[in-house]
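Beneath this line is the structure, given in structure tokens, with notes to follow.
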Amino acid sequence: MDGTYHYMLMSNHLLLQKKLLTVLKDTGLTLGQPKVLDYLGEHNGASQKDIAACCHIEAGSLTSVLNRMEESGLVQRRTLNGNRRSYFVFLTEEGERLYKVVQEAFEDLEKEVFRGISEQEKNQFMETFLKIYKNMGEQSPDSMKGADK
């Protein structure tokens, strides 16, 4: 196993996705939908632009995800204040129900991930991980071109 940052991060991300989708298999949710539900659970009525930015999903991909979620009765897109250029996304009753299921799945997975790790170690890890996240956010893809590996 390669112990580099990029390998461990990608591997952990894929393992988390697999476990999450396994736990949620009876819900009918597909890849991308749990994180959108998670975001909308805290930001119901968000603009598609905000969802895309906060969930790190390209606008075109988000449209596909939202189309499937709307067809499944999980979300509803509406305009607000007569602004027909922007749609805002709201959870339906079924979407709210599945949001709670997703929340519970995320909480259970987080407990599993940090099993055997002290609260102090967890806090230190999360503090460092947040710094890494902020560092990555400061770098645009263009600023990384030509960067040494």
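Put a plus charge on the Cβ of each Lys and Arg, a minus charge on the Cβ of each Asp and Glu, and nothing anywhere else: the dipole of region 29-136 about its Cα centre is then about 560 debye.
Put simply, when 116-128, 71-83 are sorted by average Cβ atoms within 10 angstrom per residue, most first, you get 71-83, 116-128. Assuming a viscosity of 0.692 mPa s and a temperature of 37 °C, what translational diffusion coefficient in µm² per second does Stokes-Einstein assign to region 7-92, Rh being the Kirkwood radius over Cα pairs? Estimated via Stokes-Einstein, D reaches 239 µm²/s. Taking 0.36 nm per residue of sequence separation and removing the Cα-Cα distance, the GLU107/LEU16 pair yields an extension gain of 31.6 nm. Over the chain, dividing the summed -39,500 (n - 2.57) contributions of all DSSP H runs of at least 4 residues by the number of residues returns a 222 nm mean residue ellipticity of -20000 deg cm²/dmol.
The length gained by stretching the chain between LYS122 and HIS6 to full extension, at 0.36 nm per residue less their Cα-Cα distance, is 39.8 nm.
Each eigenvalue of the Cα gyration tensor of region 29-136, multiplied by 5 and square-rooted, gives one semi-axis; in descending order these are 30, 17, 11 Å.
Take 105-115, 49-59, 30-40 and order them by the average number of nearby Cβ atoms within 10 Å per residue, most first; the result is 30-40, 49-59, 105-115. Highest mean first, the peptides 88-97, 6-15 sorted by other C-beta atoms within 10 Å per residue fall in the order 88-97, 6-15.
The numbers here are math on the coordinates, done by the rules we state, and not lab data. Every value quoted in this text rests on a predicted model; they were computed, and no experiment measured them. For neighbour counting, all protein chains shown are included, and Cβ atoms are generated from backbone atoms with ideal geometry for every residue, glycine included.
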